[in-house]
Amino acid sequence: MGIFSKLSWNKDADLILALDIGTEVVKALIFRVDKDQKHGVVIGVGRVPQKIGNMQSGAVSDISGVIQSAREAIALAKEKAQVKRVERSIIGIAGELVKGTTTTVHYERVNPEMHIGISELKMIIQKVQEKAYQRIKQQLTWETGQDDIDVKLINAAIVDVRIDGYHILNPVNFQGRDVSMSVFNAYAPMIHLGALQTIADELDLDLISIAAEPYAVARSIEVEDMLDFSAIFIDIGGGTTDIAVVRNGGLEGTKMFALGGRAFTKRLAQEFNVSFDVAEQMKIDYANGRLKNEDGARIALLYADDCRVWLGGVELSLLEFAETDLLPSRIFLCGGGSALPGIKQSLLSPEWAQKLPFAKQPQVGFLQPHDIVRIVDATGELNNPQDITPIGLANLALLDHIEEEKMLSSILRRSVESLGKK
C-alpha cells in the first residue's frame, strides 16, 4: 500500500454517517471527526422524500422502500462530500413504543464507614437496570395489551449519583449510608430494531449504534453549568412528536405520541380535495406566508383545531413529569413540523400554561443548528430547526468517538451487556 493510499484510508476512517429515517424525509449527514478540536465537520448532506407507506407513526412499515430512499440520500451526501465510502453510521429511531425513562434506586449500606468499591458499585447499577427493565416492560404491556413484547435497551446514561444527599460524580472510595443512583434508559421493541438492522445490512453500513431521537436531541445542548440546566425539548416530525425533559442537567425521560406534520397535511388534502403531495406543498407555502389571504385564513382556522388536539398530546405527555416536581419553563422546538404557524403560539397560551405546574410562564424558542456547538456545518445546508435531529445524532456519535470511556460509563455498559444476555 502506497503512502497516499494509506493517508486516504486514515481520512475515510474518521468519517461517520448520521442517518435520520423520518416519516416524510430521509436525511443523511456525512461528517469528519476532528479529535484535536473535539468537533465534527459536516461535509455532505442528502435529503430524499419518503414514499407514502414507507413509514407509519415514526416506525418502518416498508423495509425495501426505506432502503431505496436511504440509499438515494446517502448517495447524495457522498457526492457532495466527494467521498466514495462511509461505513460507520448511527441511525435514529422514533415511534410511540420507544420508551425513555430515568429510574432511581436508593440503597442503604450496612457498613457506612467502608469505602465504596467497584464490586459494590456494579451491584447498585445492576439493581437500577433490572428495575428499569421491569418498569418499561410493564408500561408497554399496559399500553399494548400484550405481555410478550420483546424490547431491547438502546441508550443508557447515568443522570445523578448521591451519597447521603450530596451530589457526586464518582462514588468510588466515598463513605456513607444512603446511596441513590439515577440512570436514564431508552428501550425499543425488537421488531423496530430488527428493521433498522436489516436496513443497515442492506446498505452495507457498520452500525455504531441505534439511538432514540429525543435522547440525541436532548444531549446535543451544552452549557457552562449543566447542573443548573433544565428544559423541555419538543421535536415535531412527520409522524410523531417526541418530547424530552431535562432537569438539573440530567435527562429525566422521553415521551412520543403519533401526531406530527403528516396529520396536518392529511387535513388539508381532505378539506381542499387535493392529493397528498399538493396538500404538502400548500402546508409549506402556508408556513412561509406564500398563500392568498383567503386560503391562508381558511387554513389558519383548520389548524387552530388541529393545534388544540396536538397541544392536548403535549399536555398528557408532560403530566407524568409533573408528578414529582415543577416543569422547566424553557421549551425548545425543532423538527419540520415546528415551522407550522400556531405551534409556538399555542405553547405560549396562558390558558394552556395554567393547566400544568410550570416553574414560571413558559419561554418558547427554536433550536437552531448553530446551538449544537460540537457539530460544524461546512456545507451551508443545515440552517433551520428541521435539521436538528440528524445533527443531534451526529453529535451523539461524535461524543462516543472522541471521549474516553469513564469508569461509571464502562460499568454501566457492561451491566447493560449482561442484562441483554439474560
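The values are calculated or read from the model by the stated rules, or taken from the named source; none is laboratory data. Given the structure is predicted, the values throughout are model-derived calculations rather than measurements. Quick reminder, even Gly has a Cβ in these numbers, built from the backbone with ideal geometry, and neighbours come from all protein chains shown.
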Query raised in the report: Any idea which residue in the stretch 358-378 is modelled with the lowest pLDDT, counting only those that are over 21 Å from G392 (Cβ atoms) and in a loop (DSSP other than H, G, I, E, B)?
Result: A359
Query raised in the report: What number of residues within the stretch 317-357 are assigned to a helix (DSSP H, G or I), acidic (D, E) and in contact (Cβ under 8 Å) with a residue 60 or more places away in the chain?
Result: 1
Query - Members of the stretch 211-251 that are among the hydroxyl-bearing types (S, T, Y) and in a strand (DSSP E or B) - result: T241
Query raised in the report: Is it true that some residue in the stretch 71-85 is at pLDDT 90 or above, touching a helix residue (DSSP H, G or I) at 6+ places or on another chain (Cβ under 8 Å) and buried (at least 23 other Cβ atoms within 10 Å of the Cβ)?
Result: no
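Residues checked against (1) outside any strand (DSSP E or B); (2) among the basic types (K, R); (3) at pLDDT below 90; (4) not assigned by TED's automatic domain parsing to the domain that holds K27:
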| position | (1), (2), (3), (4) |
| --- | --- |
| I124 | yes, no, yes, yes |
| W142 | yes, no, yes, yes |
| Q146 | yes, no, yes, yes |
| I149 | yes, no, yes, yes |
| K152 | no, yes, yes, yes |
| D160 | no, no, yes, yes |
| P171 | yes, no, yes, yes |
| A200 | yes, no, no, no |
Report summary line: The number of residues in the stretch 89-117 that are aromatic (F, W, Y) and at positive phi is 0
**Report entry** Residue check for Q37: under 22 Å from A18 (Cβ atoms) and polar (S, T, N, Q)
**Finding:** yes
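The rows are residues; the columns are (1) outside any helix (DSSP H, G or I); (2) modelled with pLDDT of 90 or more; (3) surrounded by fewer than 20 Cβ atoms within 10 Å (Cβ to Cβ); (4) touching a helix residue (DSSP H, G or I) at 6+ places or on another chain (Cβ under 6 Å).
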residue	(1), (2), (3), (4)
A186	yes, no, no, yes
S209	yes, no, yes, no
T265	no, no, no, yes
V274	yes, yes, yes, no
Query raised in the report: Quick check: anything in the stretch 321-329 at positive phi, surrounded by 13 or more Cβ atoms within 10 Å (Cβ to Cβ) and not aromatic (F, W, Y)?
Result: no
